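Shown next, in structure tokens, is the structure this report addresses.
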């Protein structure tokens, strides 16, 4: 909820000195439904966040909707007391200014910071975050509250790296006789099929939205992407999400299955509760412990960045490669590629050296930074030579299908290197024929 210096100066000039018993100290942000101030509660001796209902709208219908959402947040969140739900302490009206007093999260940052390819959390950390979210929404559901707007910007990290779910402005109370915020509401990219069709929703709508957040937290991409609202709604309602392995090769099968179960359109196949989701996430930690014993992504980044092959790649593009590739280790005498095999992956040597053989004849050797198998993605033909390890060898294996999912710039750089390598090898071959 960042604001420009100019807007902050204007809001500071309008900032009240007190709201009820709370002293107003500073401005934290400006949202659709009002201003959030940093306040101080002298009775509890603590800092608080104070959201004040102020909107710049002339349409009376919109004003009334936002007002209902504002008080809905105070009412719904006030029902909940959970370590991973942002606490609401108080609400009131000062003059004509309605306000909500909430827990203040110092140096708050949202999950949105970790939803791009080059800023993703380690897999284990991502699972821990979603596990806590699943437990929190399960608690809310058992208390009769459906959030209906689960998305990365509504999930915050605290200063001790815990998480808090906030913004219950459009939450729904089950079994309530009071008038509630209804209609197609929520954030389109994180809507469930039920929300997209304006159908009655239950707690499983939050699980679907959390599944989208999980997908984005793991891949840096959304499972449903389209130009325009109508096309996006069509995809959410009718189409399967893009398989996770098309974006990232190192996500364990169990974890992929969990995310896809969250994203089932058929409610009978989707998780029934946050507790059920949390149980499966807990079981997935066995797979993640195995991953932790392998080389971590920061080490991979450092190793890849030092290779001549990636000299023209930006940091963001290197992170794309890390997500799209697998890291494999071979030992002396191992056959990495077999002549005649139908393998459309290509390989880049990170360490060690290999020999290139054809019909048991050694044609040459390759070492750190060299690539092989690059003709596979280009021609889809069978391998024309074998690659044998001379010593311990680490390679990056990249499947052609996964590379197709990277950015256009990244694909063009791969193609440029493939063509340059092909030309260089043809030149070497021609010189060898001349020397015979």
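A few notes on this one:
- Scope segment 349-367; condition modelled with pLDDT of 90 or more and over 12 Å from residue 389 (Cα atoms); matching residues: 350
- Residue within segment 109-118 that is touching a helix residue (DSSP H, G or I) at 6+ places or on another chain (Cβ under 8 Å), modelled with pLDDT of 85 or more, farther than 30 Å from residue 219 by Cα and not in a helix (DSSP H, G or I) present: no
- Of the criteria (1) within 17 Å of the chain's Cα centre (by Cα); (2) within 27 Å of residue 174 (Cβ to Cβ), which one residue 236 fails: (1)
- Any chance residue 381 is without any contact (Cβ under 8 Å) to a residue 24 or more places away in the chain, assigned to a loop (DSSP other than H, G, I, E, B) and more than 30 Å from residue 118 (Cα to Cα): yes
- Among the residues making up segment 337-378, those that are touching a residue at least 40 places away in the same chain (Cβ under 8 Å), part of a strand (DSSP E or B) and within 18 Å of residue 303 (Cβ to Cβ) are 346, 347, 348, 349, 350, 351, 371.
- Candidate set from segment 120-131 (those that are touching a residue at least 40 places away in the same chain (Cβ under 8 Å) and not in a loop (DSSP other than H, G, I, E, B)); member that is surrounded by the most Cβ atoms within 10 Å (Cβ to Cβ): 130
- Qualifying residue in segment 245-263 (condition: in a loop (DSSP other than H, G, I, E, B), modelled with pLDDT of 90 or more and within 22 Å of residue 152 (Cβ to Cβ)): yes
Yes/no matrix, rows are residues, columns are (1) at pLDDT below 85; (2) buried (at least 16 other Cβ atoms within 10 Å of the Cβ); (3) within 20 Å of residue 191 (Cα to Cα):
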site	(1), (2), (3)
83	no, no, no
104	no, yes, no
136	no, yes, yes
141	no, yes, yes
156	no, yes, yes
163	no, yes, no
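- Residue in segment 48-59 that is part of a loop (DSSP other than H, G, I, E, B) and either in the same structural domain as residue 136 (by TED's automatic domain parsing) or at pLDDT 65 or above (or both) present: yes
- When we screen 301, 313 for residues that are surrounded by 14 or more Cβ atoms within 10 Å (Cβ to Cβ), touching a residue at least 12 places away in the same chain (Cβ under 8 Å) and assigned to a loop (DSSP other than H, G, I, E, B), the only hit is 313.
Residue-wise test of (1) at pLDDT below 95; (2) over 21 Å from residue 174 (Cα atoms); (3) buried (at least 23 other Cβ atoms within 10 Å of the Cβ); (4) not assigned by TED's automatic domain parsing to the domain that holds residue 251.
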residue: 186; (1), (2), (3), (4): yes, no, no, no
residue: 199; (1), (2), (3), (4): yes, no, no, no
residue: 210; (1), (2), (3), (4): no, no, yes, no
residue: 215; (1), (2), (3), (4): no, yes, yes, no
residue: 223; (1), (2), (3), (4): no, yes, yes, no
residue: 229; (1), (2), (3), (4): yes, yes, no, no
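- Hits in segment 257-266 - residues which are in contact (Cβ under 8 Å) with a residue 12 or more places away in the chain and over 17 Å from residue 134 (Cβ atoms): 265
The values are calculated or read from the model by the stated rules, or taken from the named source; none is laboratory data. Keep in mind it's a predicted model, so treat the numbers as computed, not measured. Don't worry about glycine lacking a Cβ; one is built from the backbone with ideal geometry, like all the others, and counts go over all protein chains shown.
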